[in-house]
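Colleague: One structure follows; several queries about it will come next.
The values are calculated or read from the model by the stated rules, or taken from the named source; none is laboratory data. None of these values were measured; they are calculated from a predicted model. Methodologically, a virtual Cβ is constructed for each residue, glycine included, from the backbone with ideal geometry; neighbour enumeration extends over all protein chains shown. The accessibility values were calculated without ligands, DNA or RNA, using every heavy atom of the protein model including side chains. Shrake-Rupley method; radii C 1.70, N 1.55, O 1.52, S 1.80 Å.
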Amino acid sequence: MDSQQTQRRQLIRKRPARTDKTLYGSRQICIDLDRATYDDIWHDSKKVRLLIETMIAQTPEIFPAEIQDGFVFSGRLRESKKMPGIRLRQIRVGKDGVAYTLRPSFVMPWCAGTTAELEKPLLLLAHGVQCWLVTLAFGRNDNFWDRHVTRLGRNSVVGTTINHRDSLPKHLAADEHHVKWAGEKGYIATTAAQGCLLGTALTDEADVTHLQQAYGVFAEEARELSPDYQPQTVNTDGWWATQNAFKALFPQITVILCFLHGFLKVRDRCYKDHELHERIWNVYHAEHIRM
């Protein structure tokens, strides 16, 4: 049997810095709209305008800020070849007339299918099921499902998790997860709050410069929602680079040492004082300062 060389995806550790000219993705606005409402109003510009104006008042964060200066319709796009019967609309926003495409929420990006069709396959993929198994169960092909998984990383984690600027967390937790990246060591700078991951970014090194860039992804996305966002505290381990990175990103933030790492330092230096260990853990479980 002739051996065939397997093609592998090339991983690039050193990517060029992204600028306004290198940003990818189309200007698209996903609006909350089910299929029944789509069939009822999508052909009527007046009804669609009323819907958009209502959504601007209720959820302004999903629209560009320039839409406050007004918008005009520029027609419907051609019918999708992938999804017969689906035609996206386009509007022009603000004084400069920048074009944005309106996509109903029941339609997946790139018109790859409806959310109802892809809900269960994506749920399986989220739990680690291999693409080839999903292909056996739901059809398509392995590359189709792999693309849907990787596309999730294109979205703003903060923007898709938090609906309003007032919901931005005041207290954060941050740490780096050590991983193998393209055969070499890398770090995933992770930011969490209120039981939810709000930022993950890969970086080559765990020094201040690289961690500031990695955690800066969370800071940039949070400030897109609230330009003056300033968290009060961040809980970290004792790594100085993590602490200094957050101080550089949020100058007024207070760095708090993780309780577990603080306890481990005490344990390593007073490893025979078991009574002290117990007292420290009692502090952790105390409901108020007197306990």
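Colleague: Where in segment 216-241 does the label zone of residue 258 land, with the point 7 angstrom along Cα→C-beta and an amide N cut-off under 16 Å?
Modeller: What the label zone holds, given the 16 Å backbone N cut-off, is 234-241.
Colleague: Give a residue-ordered list of calculated ³J(HN,Hα) values for segment 77-93 (Karplus: 6.51 cos²θ - 1.76 cosθ + 1.60, θ = phi - 60°; whole Hz; x for Gly, Pro).
Modeller: Result, ordered by residue: 6, 5, 4, 5, 6, 6, 10, x, x, 9, 10, 6, 9, 10, 10, 10, 10 Hz.
Colleague: Moving on to the next point. Residue 96 versus residue 281, label points 7 Å from Cα toward the beta carbon: distance in nm?
Modeller: 5.9
Colleague: Compare 165, 103, 154, 49 by solvent-accessible area with a 1.4 Å probe and give them largest first, with all protein chains kept in place.
Modeller: 154, 165, 49, 103
Colleague: Per residue of segment 195-211, in order, report the coupling 6.51 cos²θ - 1.76 cosθ + 1.60 (Karplus, θ = phi - 60°) as ³J(HN,Hα) in whole Hz, putting x for Gly and Pro.
Modeller: Taking θ as phi minus 60°, the curve returns x, 9, 6, 10, x, 9, 8, 7, 8, 6, 10, 10, 8, 4, 4, 5, 5 Hz for segment 195-211.
Colleague: For every helix of n ≥ 4 consecutive DSSP H residues, a contribution of -39,500 (n - 2.57) applies; sum these over the chain, divide by its total residues, and give [θ] at 222 nm rounded to the nearest 500 deg cm²/dmol.
Modeller: Helix contribution divided over all residues of the chain: -11000 deg cm²/dmol.
Colleague: Would you mind checking which residues have amide H under 5 Å from residue 204's amide H? H placed 1.01 Å from N; only 5 or more apart, or other chain.
Modeller: Distant-sequence amide H within range of residue 204: zero hits.
Colleague: With an 8 Å cut-off on Cα pairs and a minimum separation of 6 or more residues, tell me the relative contact order of segment 217-271 in percent.
Modeller: It comes to 33 percent, rounded to a whole number.
Colleague: Additional query: Give the relative contact order (percent, whole number) for segment 62-217; include only Cα pairs under 8 Å separated by 6+ residues.
Modeller: It comes to 10 percent, rounded to a whole number.
Colleague: Next up: Among [x] 24.1, 77; [y] 25.7, 77; [z] 18.8, 59, only one was calculated for this model; which label is it, if the read-out is Rg and Dmax of the Cα atoms in Å?
Modeller: [x]
Colleague: Please give every one of the aspartates and glutamates within straight-line cross-link reach of residue 81, meaning a C-alpha to C-alpha distance under 18 Å, and leave out same-chain neighbours fewer than 8 residues apart.
Modeller: 39, 117
Colleague: As an exercise, identify the GluC sites (Glu not before Pro) in segment 48-116 lying in DSSP coil whose Cβ has no more than 15 other Cβ atoms within 10 Å.
Modeller: Answer by residue number: 79.
Colleague: Still on this structure, please answer the following. Going by amide H atoms built from the backbone, whose H comes under 5 Å of the H on residue 254, apart from near neighbours?
Modeller: 233, 234
Colleague: Rounded, prolate or oblate: which fits segment 216-283 when a ≥ b ≥ c are the square roots of the eigenvalues of the alpha-carbon gyration tensor, with rounded for a/c under 1.5 and prolate only if a/b beats b/c?
Modeller: In terms of gyration-tensor shape, prolate.
Colleague: Quick one: net charge around residue 94, please, counting Lys, Arg +1 and Asp, Glu -1 for every other residue with C-beta under 14 Å from its C-beta.
Modeller: 0
Colleague: Taking 0.36 nm per residue of separation and subtracting the Cα-Cα distance, what length does fully extending residue 138 through residue 184 add?
Modeller: 13.0 nm
Colleague: I've got another one for you. Please give the length that would be gained between residue 163 and residue 39 if that part of the chain were fully extended, namely 0.36 nm times their separation in residues minus their C-alpha to C-alpha distance (nm, one decimal).
Modeller: 41.9 nm
Colleague: List the residues whose amide H sits under 5 Å from the amide H of residue 30, counting only those 5 or more places along or on another chain, with H placed 1.01 Å from N in the peptide plane.
Modeller: Those lying under 5 Å, H to H, from residue 30 are 103.
Colleague: Over the chain, what is the relative contact order in whole percent, taking alpha-carbon pairs under 8 Å and six or more residues apart?
Modeller: Normalised by residue count, the contact order of the chain is 10 percent.
Colleague: What do you reckon, how do 138, 250 stack up by accessible area (1.4 Å probe), largest on top?
Modeller: 138, 250
Colleague: Please calculate how many Å² of accessible area segment 150-291 carries per residue, with a 1.4 Å probe and no DNA, RNA or ligand atoms counted.
Modeller: Using a 1.4 Å probe on heavy atoms only, each residue of segment 150-291 averages 64 Å².
Colleague: What list of ³J(HN,Hα) values in whole Hz, one per residue of segment 268-274 in order, does the Karplus curve 6.51 cos²θ - 1.76 cosθ + 1.60 (θ = phi - 60°) give from phi, with Gly and Pro shown as x?
Modeller: 5, 9, 10, 5, 9, 8, 5
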